[in-house]
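**Q** Encoded as structure tokens, here's the structure I'll be asking about.
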Amino acid sequence: MLDLAIIGGGPAGLTAGLYATRGGLKNVTMFEMGMPGGQITGSSEIENYPGQGNVMSGMELMQNWPEQAMKFGLNHEMNQVTNVTKDGDVFTVETADGNKQEAKAVLLATGSVPRRAGFKGEDEFFGRGISTCATCDGFFYKGKEVAVVGGGDSALEEAVYLSKICSKVYLVHRRDTYRAAPSTIEHMKAAQNIEEVTSVDVEEVYGDAMGVTGLKVKSKENGEIRDLPTPGVFVFVGRDVLNDPLKQEDGSFLCDTNEQGEIIVDLKMKTNVPGLYAAGDVRIDAAKQVVCAAGDGATAAVDIIEYVG
């Protein structure tokens, strides 16, 4: 029986594996379909990870993490976990190949993925002018004009964040009303360099070999096309939480979740099910930063060591 099954091999899962094995747990397996590292390995430039002063790629940042974690005994199983159930005090972890393993504790660190808006050029320029993280990439557009696509809390909050860095922010939304909280809307409207571009559809984002150079939006009222010349487009139309392993046969989840499917945890990353933890972007109120996910993993592992005891 495993002491701990970790589902997901990004910063949260790797850090949890490092802390758990170094802290004395003997049988710890991390289930990750591909090479460990997580979504951050797809980022081209990172300069805000503490202690790493030079600009580096996500791949460069994560390259040493798996080796360090496995040095203390973490086992990496390249497999997809399809289902987690619990009977008494024992969890059963089922993988895509039909195998089942029992575990005393489980940590879900599968993360979430930004939802794509689906406009022309989105895939082509993703990572080359199209971003889903203002905290990560906003600095690269300091003093420039950018566009934010979306109308929820995240979109408006990120627009306000970018307004403090960029010369102008176009807030592009398909409706003339927002789904954000009234206080968030008020905060956004107070920013003098945010221009609301509402009741429009994004026709396309265009650019050249260097990246994005602008986007075109089409008015829903009269069909007029407007060109917004900007090198940066931030898309915030929601996130899909990767919580499938916790879905049960009756459609419910093994533990409590919120309306968005995010796992509800306490400050120790514990769910309402004893022995089941969640860390990183899959949990509620996640900051969606590498350093925060790593902190989650360490926090969870410290408590798991005591739980497994």
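The values are calculated or read from the model by the stated rules, or taken from the named source; none is laboratory data. This one's a predicted model, so the numbers in the text were calculated from it and none came from an experiment. Cβ atoms come from the backbone with ideal geometry, glycine included; neighbour counts cover every protein chain shown. Side chains included, ligands, DNA and RNA excluded: accessible areas come from the protein's heavy atoms. Shrake-Rupley method; radii C 1.70, N 1.55, O 1.52, S 1.80 Å.
**Q** Would you kindly compute the Cα radius of gyration of region 44-87 and its largest Cα-Cα separation (Dmax), both in Å?
**A** When restricted to Cα atoms, region 44-87 yields Rg and Dmax of 15.6, 48 Å.
**Q** Let a ≥ b ≥ c be the square roots of the eigenvalues of the Cα gyration tensor of the chain; is it rounded (a/c under 1.5), or, if not, prolate (a/b larger than b/c) or oblate?
**A** prolate
**Q** Of 97, 296, 89, 240, which has the most accessible area and how do the rest follow, probe 1.4 Å?
**A** Details: 97 90, 296 10, 89 115, 240 65 Å².
Solvent-accessible surface, decreasing: 89, 97, 240, 296.
**Q** Using the Cα gyration tensor of region 152-202, with a ≥ b ≥ c the square roots of its eigenvalues, what is the shape: rounded (a/c below 1.5), prolate (a/b larger than b/c) or oblate (neither)?
**A** Taking the square roots of the gyration eigenvalues as a ≥ b ≥ c, region 152-202 is oblate.
**Q** Probe radius 1.4 Å, ligands and nucleic acids left out: which of 173, 76, 187 has the largest accessible area, and how do the rest follow?
**A** Details: 173 5, 76 45, 187 105 Å².
From most accessible down to least: 187, 76, 173.
**Q** Given the chain, what percent of its DSSP beta bridges are antiparallel, to the nearest 5?
**A** Roughly 45 percent of the DSSP beta bridges within the chain come out antiparallel.
**Q** Please list, or write none, the aspartates and glutamates whose alpha carbon is within less than 18 Å of the alpha carbon of residue 220, excluding same-chain residues fewer than 8 places away.
**A** Straight-distance partners of residue 220: 176, 195, 196, 201, 203, 204.
**Q** Rounded to the nearest 500, what is the 222 nm mean residue ellipticity of the chain from helices alone, with -39500 (n - 2.57) per DSSP H run of 4+ residues and division by all residues?
**A** After summing the helix terms and dividing by residue count, I get -6000 deg cm²/dmol.
**Q** May I ask you to rank 307, 141 by accessible area, largest first, using a 1.4 Å probe over the protein chains only?
**A** Descending accessible area places them as 307, 141.
**Q** Ordered by residue, what ³J(HN,Hα) values in Hz, to whole numbers, does region 191-207 give under the Karplus form 6.51 cos²θ - 1.76 cosθ + 1.60, where θ = phi - 60° and Gly and Pro are x?
**A** 7, 6, 9, 9, 9, 7, 10, 10, 6, 9, 10, 6, 6, 6, 10, 10, x
**Q** Still on this structure: Amide H neighbours of residue 265 under 5 Å, counting only residues 5+ apart in sequence or on other chains, H built in-plane at 1.01 Å?
**A** Excluding prolines and chain starts, which carry no amide H, the hits are 284.
**Q** For region 184-305, take the convex hull of the Cα atoms, compute a quarter of its surface area, and give me that in nm², please. Intermediate values should be presented prior to the final figure.
**A** Values: hull surface 49.3 nm².
Mean shadow area of the hull around the Cα atoms is 12.3 nm².
**Q** Starting from the eigenvalues of the Cα gyration tensor, five times each then square-rooted, give me the equivalent ellipsoid semi-axes of region 91-174, largest first, whole Å.
**A** 37, 15, 12
**Q** Still on this structure, please answer the following. Can you grab the distance from the C-alpha centre of region 65-96 to the C-alpha centre of region 227-279, Å, no decimals?
**A** What the calculation gives is 19 Å, centre to centre.
**Q** Which whole-Hz couplings ³J(HN,Hα) result when phi for each residue of region 286-291 is put into the Karplus expression 6.51 cos²θ - 1.76 cosθ + 1.60, θ = phi - 60°, listed in order with x for Gly and Pro?
**A** Couplings: 6, 7, 6, 10, 4, 5 Hz.
**Q** Then there's this: Residue by residue through region 269-275, what is 3J(HN,Hα) from phi via Karplus (6.51 cos²θ - 1.76 cosθ + 1.60, θ = phi - 60°)? Round to whole Hz and write x for glycine and proline.
**A** After applying 6.51 cos²θ - 1.76 cosθ + 1.60, I find 6, 7, 8, 7, 9, x, x Hz.
**Q** Over 21 Å between Cα atoms, which of 86/247; 104/247; 86/270; 189/218; 104/268 qualify?
**A** Values: 86/247 12 Å; 104/247 19 Å; 86/270 15 Å; 189/218 23 Å; 104/268 17 Å.
Correct reply: 189/218.
**Q** Here is a follow-up. Using a probe of 1.4 angstrom, how much of the accessible area of region 15-56 is carbon and sulfur, in percent?
**A** Carbon and sulfur: 46 percent of the exposed surface of region 15-56.
**Q** What ratio of Cα Rg to 2.2 N^0.38 Å holds for region 1-110? Write down the numbers at each step before the final one.
**A** Working: Rg = 14.8 Å, N = 110, 2.2 N^0.38 = 13.1 Å.
For region 1-110, the normalised Cα radius of gyration is 1.13.
**Q** I would also like to ask the following. For the chain, list the cysteines whose Cβ sits under 4.7 Å from no other cysteine Cβ?
**A** Cysteines lacking a close Cβ partner in the chain: 166, 255, 292.
**Q** May I pose another question? Rounded to the nearest whole Å², what accessible area per residue is found for the chain with the 1.4 Å probe? Mind showing how you got there, number by number?
**A** Working: 15100 Å² over 309 residues.
The answer is 49 Å² per residue.
**Q** Ignoring ligands, DNA and RNA, what percent of the 1.4 Å accessible area of region 114-191 is carbon and sulfur? Before the final figure, lay out the partial values.
**A** Working: 1890 of 3860 Å².
That share works out to 49 percent.
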